[in-house]
1. Being free of Cβ contacts under 8 Å to residues at least 60 places away in the same chain and under 24 Å from the mean Cα position of the chain (by Cα) is the filter here; which residues of the stretch 125-146 pass it?
2. Since MET42 meets every condition but one in (1) of a type outside the set (Lys, Arg); (2) loosely packed, with under 10 Cβ neighbours inside 10 Å; (3) assigned to a helix (DSSP H, G or I), which condition does it not meet?
3. Hey, can you tell me all the residues within the stretch 54-75 that are among the hydrophobic types (A, V, I, L, M, F, W, C) and farther than 30 Å from ALA140 by Cβ?
4. Sort through LYS38, LYS78, LYS47, LYS51 and tell me the only one that's of a type in the set (Lys, Arg) and under 30 Å from ALA140 (Cβ atoms).
5. Just wondering, is there one or more residues in the stretch 14-35 that are at pLDDT 90 or above, touching an Asp or Glu at 6+ places or on another chain (Cβ under 7 Å) and either assigned to a helix (DSSP H, G or I) or on the phi < 0 side of the Ramachandran plot (or both)?
6. Suppose the filter is surrounded by fewer than 11 Cβ atoms within 10 Å (Cβ to Cβ) and either farther than 30 Å from LYS156 by Cα or out of contact with any His (no Cβ under 9 Å at 6 or more places or on another chain) (or both); does ARG24 pass it?
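The values are calculated or read from the model by the stated rules, or taken from the named source; none is laboratory data. All values derive from a computational prediction rather than experimental measurement. Counting neighbours? That spans all protein chains shown, and the Cβs are built from the backbone with ideal geometry, glycine included.
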Amino acid sequence: MFDVGFSELCLIALVSLLVIGPERLPKVARLAGFWVGKTRSMMDSVKEEIKQELQAAELRQIFEEQSALQENFLNEGKNAIAETQQMLDETSATFKDASTSQMNNPEGFWLAKTPGEAASVKEEINQELQDDFLSTGKNAIAEAQQILDETSTTLKDTSTSSTIYDSEQHEPK
């Protein structure tokens, strides 16, 4: 900071000796040393506080980014579940329409001996296919919802621990 060399220090010591006198010079030197040390410790504490505030600001920014990511992830998951449910409903309606149209035209079943048996076999096959498809779709939706809930819980736990860590940084000492 200051460019004070040895010659300047010797000059200051000589002037101090002449002005203050040899009896009071040790007391004044101790007092000056005390205040220099006090000033240094105060500067160190100010530097430490600034460093802690910068870290707290970084943590807040990370927490906000994490919260935004969490909201985006949850919204995307909910949208995916809604789209899957809509596709499942559309496919279910398509199966019902196909089932109805094949009930009116039972010629495709060569195993059945009468048109009534063909319609019955067709209905059973269509119902089994529809039930399998619906249960598979519902299972997929349930699994997706479970994964979404687990991820949401994990993200909330992470954000809570970040908040706790942030609050611990600002406790008075």
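1. ALA142, GLU143, GLN146
2. Going through (1) of a type outside the set (Lys, Arg); (2) loosely packed, with under 10 Cβ neighbours inside 10 Å; (3) assigned to a helix (DSSP H, G or I) one by one, MET42 breaks only (2).
3. First, the residues of the stretch 54-75 that are among the hydrophobic types (A, V, I, L, M, F, W, C): 54, 56-57, 59, 62-63, 68-69, 73-74.
Within the stretch 54-75, LEU54, ALA56, ALA57, LEU59, ILE62, PHE63 meet the criteria.
4. Numbers: LYS38 fails: under 30 Å from ALA140 (Cβ atoms); LYS47 fails: under 30 Å from ALA140 (Cβ atoms); LYS51 fails: under 30 Å from ALA140 (Cβ atoms).
Testing whether each residue is of a type in the set (Lys, Arg) and under 30 Å from ALA140 (Cβ atoms) leaves just LYS78.
5. no
6. no
Okay, residues lined up against (1) surrounded by 12 or more Cβ atoms within 10 Å (Cβ to Cβ); (2) modelled with pLDDT of 70 or more; (3) in contact with a helix residue (DSSP H, G or I) (Cβ under 8 Å, 6 or more places away or on another chain); (4) among the hydrophobic types (A, V, I, L, M, F, W, C):
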{"site": "THR91", "(1), (2), (3), (4)": "yes, yes, yes, no"}
{"site": "LEU111", "(1), (2), (3), (4)": "no, no, yes, yes"}
{"site": "GLN127", "(1), (2), (3), (4)": "yes, yes, yes, no"}
{"site": "GLN130", "(1), (2), (3), (4)": "yes, yes, yes, no"}
{"site": "PHE133", "(1), (2), (3), (4)": "yes, yes, yes, yes"}
{"site": "LYS138", "(1), (2), (3), (4)": "yes, yes, yes, no"}
{"site": "ILE141", "(1), (2), (3), (4)": "yes, yes, yes, yes"}
{"site": "LYS173", "(1), (2), (3), (4)": "no, no, no, no"}
